[in-house]
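A short write-up of the structure that comes next.
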């Protein structure tokens, strides 16, 4: 399996100033902040504020005190990213707060990348996009950022992508996974059209199809013949990594 850090997806994060890592690090209102918790808190706050320079400065502080890249990712970067997703899901990605937050997340990932253990034998490709008629892409963009960081070669087709555009992308790039996103009940049916188009062009067996988005369900995924369903961005990252490991 292509894995950079072992427990990226085992984080449960509560309110914006409460850090929890399965009992290992815990910050509650009124508690004195340890130096480690201060770093985690500063990174989370900087991401939520869209402060890329602040993220880099705080990561530098953590690395200098002996923190691992995996620890910073697990306890600060991913939880803050999930908060951004939860806060802005359903909004257009191109609003200033979301753009600034995404830049801050990307800056942090780029800063940590040289310090991360790389044990990928093969860099798998994944095509990802939001289906035709839908322009929502916050969850898609966060998933693409983290999967790109963790070793995938991401080909992002953007939003409002027609079935034949997905077919073209699969033909051109030969990805291991095709990720389809939809946030509207009126557009989720397009996912079935994409799968039908893949079948028509004899490409269905060549790629794993992972679907997700607000109205999408596991039952719907089974109904249209998708290979996997993700109920959240966190789950999408986990499932994509598992699909990449399959022969």
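Values in this text are rule-based calculations from the coordinates and carry no lab data. From a predicted model like this one, the values you see are computed outputs, not experimental measurements. Note that we place each Cβ from the backbone using ideal geometry, even for glycine, and neighbour counts take in every protein chain shown.
Annotations for the structure displayed:
- When the alpha-carbon atoms of the range 192-247 are used, the pair Rg, Dmax equals 11.4, 32 angstrom.
- Peptides ranked, highest mean first, by Cβ atoms within 10 Å: ranges 210-216, 241-247: 210-216, 241-247
- Estimated at 0.36 nm per residue, the fully extended path between residue 49 and residue 232 surpasses their Cα-Cα distance by 63.6 nm.
- The three principal axes of the Cα atoms in the range 125-245 give end-to-end lengths of 31, 28, 23 Å, sorted in falling order.
- Using the Cβ-Cβ distance between residue 193 and residue 64 with R0 set to 51 Å, the FRET efficiency from 1/(1 + (r/R0)^6) comes to roughly 0.50.
- For the range 92-193, the square roots of the Cα gyration tensor eigenvalues, ordered a ≥ b ≥ c, give a/c of at least 1.5 with a/b no greater than b/c, which places it in the oblate category.
- Ranked by how many other beta carbons lie within 10 Å on average, peptides 141-148, 164-171, 67-74 from highest: 141-148, 67-74, 164-171
- Extending 7 Å from the Cα toward the beta-carbon at both residue 115 and residue 34 defines two label points whose distance is 1.7 nm.
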